[in-house]
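*Asks:* Quick one: structure below, then a few questions.
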Amino acid sequence: MNDLNGILCVNKPQGFTSFDVVARLRGILKTRKIGHAGTLDPMATGVLPVFVGNATKACDIMPDSRKAYRASFRLGVTSDTQDSTGNVLSTSEVHCTADDIKNIIPKFTGDIMQIPPMYSAVSVNGKRLYELARQGIEIEREPRPVTVTSLSLAEFSEETGEGVLEVECSKGTYIRTIIHDIGTELGCGGVMTDLVRTVSNGFVLSDSLTLEEIQKAADEGRAEELLMPVERVFGKYPEIHLDENCTKLYRNGVKLYAEKAGIRQKDENVRYRVFSDDDAFIGLAYVKEGCLRVFKNFS
C-alpha cells in the first residue's frame, strides 16, 4: 500500500486532533507520507481533507481555501477557551431575542479584525499561545484580518439562550471567537458548544468518510478505491494536454514554448493543469517569458 496517492476526505471525530487523524491513517494505510489541510480543534467534527503520497505536495497550494461551519452556542457564559470545554469565567442572565442577535451579526461579517484566542496554535515569539495559556499566562495579541463571507442565525431559543450559527469564512478564522465577541456585544457573554465543518477547500460532508469506514476498506484491500485524484482540487485551472514529444521534454525539465503547448494567451498569472499524451495528470505549470514552466509536479 506504500504507493497510494490521492486525497481522502475524513469526517473528523470529536476528541481527535487533526494530527491524531493523520497518525491513525498512517497506521491504517501503512504509509508515513500523509498531510492534512485546515486544522480542526479537538471538539470540532467534520470535513478534514487528508493528502496521501505525492498528493501531499498540494496541501499548501489549493486554490479554494473557503471554509463553512455549523456552530452551536450558549449565551450567558464565558470561558477561558471561548468554548464549553474550558473553565467558566463568568455567568449572567440572558435577556436577548433572535432579532437582537441578527441585528449585530453585520458587525462580524465581511473583512474584520479578530484577536486570536489564547487557547490557539498561533505562535508568538516562538511559543504557541495554548502553551502559555496552560501555564496561566495571558499575553496581548495583535488583531488579525479575516474574512467572514456569510454569517446567519439558523436557530435560537430565548428560553435556553442556545442557538446555531452558520458561517462561511476564510482560513484562520476562529468561530469560537466570533461567538465570544457576539456575546460580549450583547452584554451577556457566549461560548461555542459544538462545531461541525461542513465545507473545506472545495470538499463537503458528503465527500467525507469516518475512520471506521476507511479502516474497513483497508482491511478488505479497497483503500485505494477511496482516494480522490489530486487534480480534483485544481479543477478551476485550465487544462493543457501535451503530445508525446512535449510530454517527454516537459518531464525532463526542458522549457517549452507556450505555443507548442497549445497556449495562445500568455498570462503569467494563470496556472495550468498539465496532462501527458496518455491523459495522466502531471502537475501545475505557468507561463514566463513565453515558455511553459513547472510550478509543481505530482507524477
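*Asks:* Residues of segment 79-136 being assigned to a strand (DSSP E or B), closer than 27 Å to Glu159 by Cβ and charged (D, E, K, R), which ones?
*Replies:* Of everything in segment 79-136, just one residue is assigned to a strand (DSSP E or B), closer than 27 Å to Glu159 by Cβ and charged (D, E, K, R), namely Asp83.
*Asks:* Examine segment 93-100 for a residue that is closer than 30 Å to Leu132 by Cα, of a type outside the set (Ser, Thr, Tyr) and surrounded by fewer than 18 Cβ atoms within 10 Å (Cβ to Cβ), and state whether such a residue exists.
*Replies:* Initially, segment 93-100 is screened for residues closer than 30 Å to Leu132 by Cα, giving none.
No; the residues of segment 93-100 include none that is closer than 30 Å to Leu132 by Cα, of a type outside the set (Ser, Thr, Tyr) and surrounded by fewer than 18 Cβ atoms within 10 Å (Cβ to Cβ).
*Asks:* Sticking with this one: What do you reckon, is Phe51 surrounded by 18 or more Cβ atoms within 10 Å (Cβ to Cβ), among the hydrophobic types (A, V, I, L, M, F, W, C), over 25 Å from Val146 (Cα atoms) and modelled with pLDDT of 95 or more? Outline the logic, then answer.
*Replies:* Details: surrounded by 18 or more Cβ atoms within 10 Å (Cβ to Cβ): yes; among the hydrophobic types (A, V, I, L, M, F, W, C): yes; over 25 Å from Val146 (Cα atoms): yes; modelled with pLDDT of 95 or more: yes.
Spelling it out, Phe51 is indeed surrounded by 18 or more Cβ atoms within 10 Å (Cβ to Cβ), among the hydrophobic types (A, V, I, L, M, F, W, C), over 25 Å from Val146 (Cα atoms) and modelled with pLDDT of 95 or more.
*Asks:* Those residues that are over 25 Å from Leu211 (Cα atoms) and touching an Asp or Glu at 6+ places or on another chain (Cβ under 8 Å), I need them from segment 37-82; list them, please. Outline the logic, then answer.
*Replies:* First, the residues of segment 37-82 that are over 25 Å from Leu211 (Cα atoms): 61, 63, 73-82.
Across segment 37-82, the qualifying residues are Phe73, Arg74, Leu75, Gly76.
*Asks:* Here's a follow-up. Consider segment 1-35. How many of its residues are in contact (Cβ under 8 Å) with a residue 24 or more places away in the chain and closer than 14 Å to Ile214 by Cβ?
*Replies:* Step one: of segment 1-35, the residues in contact (Cβ under 8 Å) with a residue 24 or more places away in the chain are 1-18, 21-22, 24-25, 28-31, 35.
Next, only the ones that are closer than 14 Å to Ile214 by Cβ stay: 1, 4, 6-13, 16, 21-22, 24-25, 28-31.
Summing the residues that are in contact (Cβ under 8 Å) with a residue 24 or more places away in the chain and closer than 14 Å to Ile214 by Cβ in segment 1-35 gives 19.
*Asks:* Shifting gears a bit: Within segment 190-237, which residues are without any contact (Cβ under 8 Å) to a residue 60 or more places away in the chain and surrounded by fewer than 13 Cβ atoms within 10 Å (Cβ to Cβ)?
*Replies:* Passing the criteria: Ser206, Glu212, Asp219, Glu220, Gly221, Arg222, Glu225, Gly235.
*Asks:* Cβ-Cβ below 9 Å, separation at least six or inter-chain, first residue in segment 242-269 and at positive phi, second hydrophobic (A, V, I, L, M, F, W, C) and assigned to a loop (DSSP other than H, G, I, E, B): which pairs?
*Replies:* So the pair list comes out as Gly262/Leu242.
*Asks:* Okay, moving on. Kindly provide the set of residues from segment 1-44 that are surrounded by 14 or more Cβ atoms within 10 Å (Cβ to Cβ) and among the aromatic types (Phe, Trp, Tyr), ordered by number.
*Replies:* Phe16
*Asks:* Of the conditions (1) surrounded by fewer than 17 Cβ atoms within 10 Å (Cβ to Cβ); (2) of a type in the set (Val, Ile, Thr); (3) touching a residue at least 24 places away in the same chain (Cβ under 8 Å), Ile139 fails just one. Which one is it?
*Replies:* Going through the list (1) surrounded by fewer than 17 Cβ atoms within 10 Å (Cβ to Cβ); (2) of a type in the set (Val, Ile, Thr); (3) touching a residue at least 24 places away in the same chain (Cβ under 8 Å), Ile139 breaks only (3).
*Asks:* Residues in segment 247-285 that are of a type in the set (A, V, I, L, M, F, W, C), surrounded by 15 or more Cβ atoms within 10 Å (Cβ to Cβ) and touching a helix residue (DSSP H, G or I) at 6+ places or on another chain (Cβ under 9 Å): how many? Full working, then the answer.
*Replies:* In the first step, residues of segment 247-285 are kept if they are of a type in the set (A, V, I, L, M, F, W, C); the result is 249, 254, 256, 258, 261, 263, 270, 274-275, 280-282, 284-285.
Cutting the leftovers down to surrounded by 15 or more Cβ atoms within 10 Å (Cβ to Cβ) gives us 249, 256, 258, 261, 263, 274-275, 281-282, 284-285.
Now restrict to residues that are touching a helix residue (DSSP H, G or I) at 6+ places or on another chain (Cβ under 9 Å): 256, 261, 274-275, 281-282, 284-285.
Looking only at that region, the number is 8.
*Asks:* Would you point out the residue of segment 4-30, among those that are under 17 Å from Glu220 (Cα atoms) and assigned to a loop (DSSP other than H, G, I, E, B), that is modelled with the lowest pLDDT?
*Replies:* Top of the filtered list is Leu4.
*Asks:* Hey, Gly187 hits all of (1) assigned by TED's automatic domain parsing to the domain that holds Ile105; (2) buried (at least 17 other Cβ atoms within 10 Å of the Cβ); (3) at pLDDT 95 or above but one; which does it fall short on?
*Replies:* Among (1) assigned by TED's automatic domain parsing to the domain that holds Ile105; (2) buried (at least 17 other Cβ atoms within 10 Å of the Cβ); (3) at pLDDT 95 or above, the lone unmet condition for Gly187 is (2).
*Asks:* Quick one: in segment 194-227, which of the residues that are touching a Pro at 6+ places or on another chain (Cβ under 9 Å) and among the hydrophobic types (A, V, I, L, M, F, W, C) is modelled with the lowest pLDDT?
*Replies:* Selected residue: Phe203.
*Asks:* Considering only segment 200-299, give the helices (runs of 4 or more DSSP H) lying wholly within it that have at least 1 residues that are among the aliphatic types (A, V, I, L, M), out of contact with any Asp or Glu (no Cβ under 7 Å at 6 or more places or on another chain) and farther than 24 Å from Cys9 by Cβ. Talk me through it step by step, then tell me what you get.
*Replies:* Working: elements: 211-219, 223-226, 244-251.
Helices (runs of 4 or more DSSP H) meeting the threshold: 244-251.
*Asks:* Quickly run through segment 160-175 and pick out the residues that are modelled with pLDDT of 95 or more and within 17 Å of Arg74 (Cα to Cα).
*Replies:* Thr160, Gly161, Glu162, Gly163, Val164, Leu165, Glu166, Val167, Ile175
The values are calculated or read from the model by the stated rules, or taken from the named source; none is laboratory data. Computed from a predicted model, the values in this text were never measured in an experiment. Every residue, glycine among them, receives a Cβ derived from its backbone with ideal geometry; neighbour counts consider all protein chains shown.
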